[in-house]
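The values are calculated or read from the model by the stated rules, or taken from the named source; none is laboratory data. These figures come from a predicted structure and were not determined experimentally. Because the Cβ atoms are built from the backbone with ideal geometry, glycine has one as well, and the counts that use them run over all protein chains shown. When the accessible area is computed, the model is the full protein with side chains, heavy atoms only, and any ligands, DNA or RNA have been set aside. Shrake-Rupley method; radii C 1.70, N 1.55, O 1.52, S 1.80 Å.
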Amino acid sequence: MKENGYGIVTKQVMRDKRLCVAEKALFSYLCTYAGSKDYCYPSRRLISYELGITEASVTKYIRKLMSCGYLIISKMRNGSGKFANNVYRLKRFNE
């Protein structure tokens, strides 16, 4: 995994009054993992560890981002056909 990188966060997310600072932070975190793509797939355990929050909080913040239309989740399958990590597809808006 690259330690350096970047992510572009749309102002629409940052200005959305429906989102708390933690939900905005999670969206920003996912953007850094996505880089120039519109998807990423860190595990909830990794997100929890790196942001210093519980997995229950990660789940709660993800649900809010989904309900606001900023995030879509699909399941990734491993080589044996079993579900592995979630794939987080980020909705980015043109400014």
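Ranking Ile8, Ile47 from most to least accessible surface, computed with a 1.4 Å probe over the protein chains only, gives Ile8, Ile47.
Rolling a 1.4 Å probe across all protein chains gives Glu50 an accessible area of roughly 80 Å². When Leu90, Leu46 are compared by accessible surface with a 1.4 Å probe, the order from highest to lowest is Leu46, Leu90. In the context of the full protein assembly, Ile72 retains an accessible surface of approximately 110 Å², using a probe radius of 1.4 Å and ignoring ligands and nucleic acids. The accessible area of Thr59, taken with all protein chains in place and a 1.4 Å probe, comes to roughly 30 Å².
Other residues whose C-beta falls under 12 angstrom from the C-beta of Lys17 contribute a net charge of +1, scoring Lys and Arg +1 and Asp and Glu -1. Straightening the chain between Asn4 and Tyr39 buys 10.9 nm, computed as 0.36 nm per residue apart minus the Cα-Cα spacing. Residue order by solvent-accessible surface for Tyr39, Tyr49 is Tyr49, Tyr39, largest first, with ligands and nucleic acids left out and a 1.4 Å probe. Would you work out the relative contact order for segment 4-92, in percent, from Cα pairs under 8 angstrom that are 6 or more residues apart? Answer for segment 4-92 is 29 percent.
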